[in-house]
Amino acid sequence: SLCTSSGPGLGGGGVACAGAVCHRPWTPPWIAGSRPWVCAAWRMSIKKRIKPGKIEASPDGGALVVHFTTEITHLNEDGSPGHVEKVPESREVPVAKAMRGLRAEEIPALAQQVVDRCRYIPATKQKQVEHVLAKLHRSHSASPSRPENPPEGRERRGASCHAAGHSGGSERWAPAQPAGSTNGSSAVTAAGWRPADLLPRASVDRIEDYEEALYEDEMETKAVGAQKLLRLCTEVNNLEDISEHPTLLGVLSRELRENAKRSHELAVAITGIFLCLAHFTFFHPALTRHQCSDVTMRIVDYESKRRTVLHKELKLHQGQLAARGSAATDEERHKLVREEKRYRSILEQQDRLLLLCLLLLRDMAEDTGVEKRLVSQRLCSFLVQMLTRNSEDLVLHALGFLHKLTLFEQNKDQLVQSSDALSRLVDLAGHQNPELSALALRVCYNLSFDARGRCTFLTRTGLLGKLVQACQQASTRRTAFKLLYILSADAHLRNNIANQSPACISLALQVVVKSRESPVEADAAALCINLAADEACASELVRSDGFAKAAARGIQSADPLLLKVLRHVASHRNVRRRLFSMMRGSFNSDHGWLTEIVRLAASYSENPTVLVEAMGILAALECTSAEVPWVNLCDSGLLELLHRFLMIGFSEDDVLLECVILAGTLAMDPDFSPLMATSKIPRLLPELLAEKQDDGEIIVQLLFAIRCLLLRPETCDIVLQDTEAPGHVLDMLRDVAGQVPEARMQAIQAEADELLDVVVAVEGQQLGESRWTDQIRHFRFEQHNLEWCQRLRSSKDSPVEAPKAALHETRGGPSALGWADVGGLAERCWGGAGATLGGGGGGGGGGGGGGGLE
């Protein structure tokens, strides 16, 4: 047991929180008279710690509810910590009187007094207290004042709640009015009460009487009976008796279904009863059995339709009055004012009822079966409509429910189809309430995984501007950067970011530059990587002042994320000139940064993560020696790196791919051709062609690089005479001939055909004997007449066709299934004057003959 009286220093003029718990353990009577060392030993057997939690307004708006967790550590005999008990508790701080006549500028002073006088609120929570007080101040200003004291005949209690069996103390406090308050008093003290004390007094022994009241014809009698049952439900010990009653829940469900439209108080009371039960999963089967969630959905549906009708009527009256203009009478204007006031009052009542319904449905939705049934009843549509309400609590809980529902695809699809819902979410993302805006961003993040949602966010809403503001707040920065990253995943939408919000690009780069982490902050760096892949965004990145610093930091610290950003930027031809100019100023030389990249690759040859980015930067520079000094880079060790990484089995495929691309770039440079001819690269590439048959991307780049080598006289003979590159290409084409013609295979075949054309053309210009031309023509003839050739082979191997072939041979003629005598074909006339077959046209003639055979 713990002492519930206030601690030292709180007597007399001091004040304390309601139900404050003393940090000093209570001494039992049988120990109090013992020796001092026994008492001291017992006091040291436990250690208590209070951890503050959330601060919110009470349901009736008359107090602050302070949540905290009490950690009780039981010490062992040697003084070491043992078992730890964590007990969630809450206390109320009544502020109703202090709020009367309070001005908005006096709220910080009142919040300071609350923090100073309540031990459960640390100084770091003062801003949160100010926010809650400001919300209470707005609600008090918009609604009639609440009673200062509980009505007569209702019992008072000292504590607002009982947590884990500890009853609160009887001492309560109210903060003093700030200086200059219109109340005229410097301090206000009053005995407080629980929100449940506003309900009529009730006894668990009279449940039958309260149930009988529900059968009465008068709505007021029904409402009082339901309120008394609600009073019983505020005590946890009574919930089981109410749930096990044979007819009570059924009667309540029926009354809510039939009479909710006739009495607002009755609907609130019955919904509150269901909510008290729904807090505990143990009572969910009973609530489901009596269709409590379905009845609640009917209320939500009715109130939503009712608001729509009231809104249309009000707009109609406003339009009629505006149409009359100066001809409208004062009575008509006063009537419109009364209607607007009535409309706002009804909306406030609806907000309170809908909040109870929403909390009830969310508790019941813990069961996935119930949740699916609620979704089928248009729950998502109702939640979106609640986002337009004025009550922050209702909007906050609606967002929380949507955040839970958007984890499932079918719910997400319903939301992304409505541009109005996405627009409302974007508006809430910029709300002044930090908790509400953070939750709205999380819902937008869930919806951003849908391509339609991303497109709507970027083209029809102002989400980018809201995200720029959210990135500057510590509480929402991480979610905002994640959302920006997802939005930048689509290549066709990145241009919208550059056009609509260049500040977003600059902000991401600033976060990267100012980051003290190594490597840099992943979320911001990932966003920069996506943006750098788009030419328009890359241009904005290079124009930013911090790009050169970020690139230099990436090279000096070997940060793979920053190196990837530099790699994407270097791949855009129209951005390179600006890139070279920026990097020249950072390294005090024209191409010093490229030399540093070569050295970086040599230093991190065992680290593929850094190596692939370093080689990728060089491979992205599709430039000649006039722009990039390739010869000087080779003197710095680039050529040795290529020799090492292009060897079979030495490097990973990602690194190998970048090296092959770089080799193709170097092969196209005429100034580098003599150096290429003396290197091992022309002999290493064909060997890789035979080894990497399963990697289509590497094969395509290898074919391109070998074709570039064939176009240079310095390296052409090496490829044709010293390697088996054309033979490897022919073997590869035979292997893929029977496969499905997918995009990868089509790219390989197209590149291979171009390479074979170059081989035939080069050998046709040479005077000596060709090595590969006949094989290439024979292969193409077979591929063009594949069905005929297969039939020919099968007929020679078939025993059924053998007698026919023998019979044909006995007639003295050559076999009709093959070419026999082709002598003199070139001298014959084939239909045109001087049209002969010879020279380079031999391949075409073979193809033509094959066409006739088809």
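Numbers below:
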| item | result |
| --- | --- |
| The range 327-485 - percent relative contact order, Cα under 8 Å, separation 6 or more | 16 percent |
| With every protein chain in place, the range 409-484: carbon and sulfur % of accessible area (1.4 Å) | 41 percent |
| Rounded FRET efficiency, nearest 0.05, which uses the C-beta distance separating Ser376 from Thr281 and R0 of 25 Å | 0.65 |
| Point-to-point label distance, Glu622-Arg138, nm (Cα→Cβ direction, 7 Å offset) | 5.5 nm |
| Isotropic mean projected area of the C-alpha convex hull, the range 464-548 (nm²) | 5.0 nm² |
| Solvent-accessible surface (1.4 angstrom probe) belonging to Ile555, in square angstrom, nearest 10 | 10 Å² |
| Backbone N within the range 395-411 under 18 Å of label point (7 Å from His264 Cα along the Cβ vector) | 395 |
| Sites Arg344 and Glu218, calculated FRET efficiency, Cβ-Cβ separation with R0 45 Å, nearest 0.05 | 0.95 |
| FRET efficiency estimate (nearest 0.05) - Cβ-Cβ, Ser770 to Phe650, R0 41 angstrom | 0.75 |
| Nearest-10 value in Å² for the accessible area of Trp772, using the 1.4 Å probe | 10 Å² |
| Volume per residue that the Cα convex hull of the range 199-271 spans, once the total is divided by residue count, Å³ | 77 Å³ |
| Rounded to the nearest 10 Å², the accessible area of His403 at probe 1.4 Å | 40 Å² |
| Cα centre as origin, Lys/Arg/Asp/Glu Cβ charges: the range 286-378 dipole, Debye | 240 debye |
| Added length on full extension, which subtracts the Cα-Cα distance from 0.36 nm per residue, Lys86 to Arg306 | 74.6 nm |
| Viscosity 1.306 mPa s, temperature 10 °C, Stokes-Einstein D of the range 664-766 from Kirkwood C-alpha radius, µm²/s | 115 µm²/s |
| Accessible surface, per residue, of the range 639-758 when the full set of protein chains is kept, probe 1.4 Å, Å² | 43 Å² |
| Net dipole in debye of the range 623-698 [+1 Lys, Arg Cβ; -1 Asp, Glu Cβ; about Cα centre; nearest 20] | 360 debye |
| Lysines with Cα under 23 Å of Lys312, excluding same-chain neighbours fewer than 8 positions away | Lys261, Lys335, Lys341 |
| Anisotropy class of the range 306-412 from Cα gyration tensor, a/c 1.5 cut | prolate |
| Segment Val204-Lys315, extension gain: residue separation times 0.36 nm, minus the distance between their alpha carbons | 35.1 nm |
| Part-to-part distance (alpha-carbon centres) for the range 507-522 and the range 470-486, which is given in Å | 13 Å |
| Spin-label pair Glu435/Arg298, simplified geometry with 7 Å Cα→Cβ offset, distance in nm | 3.3 nm |
| In Hz, Karplus ³J(HN,Hα) per residue of the range 719-736 (6.51, -1.76, 1.60; θ = phi - 60°; x = Gly, Pro) | 5, 7, 9, 9, 10, 10, 4, x, x, 5, 5, 5, 4, 5, 5, 5, 5, 8 |
| Rg and Dmax of the range 725-789, Cα atoms only, in Å | 12.6, 40 |
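The values are calculated or read from the model by the stated rules, or taken from the named source; none is laboratory data. Note that the coordinates shown come from a computational prediction; the quantities given were computed from them, not determined experimentally. Cβ atoms come from the backbone with ideal geometry, glycine included; neighbour counts cover every protein chain shown. Ligands, DNA and RNA are excluded from the accessible area calculation, which covers all protein heavy atoms including side chains. Shrake-Rupley method; radii C 1.70, N 1.55, O 1.52, S 1.80 Å.
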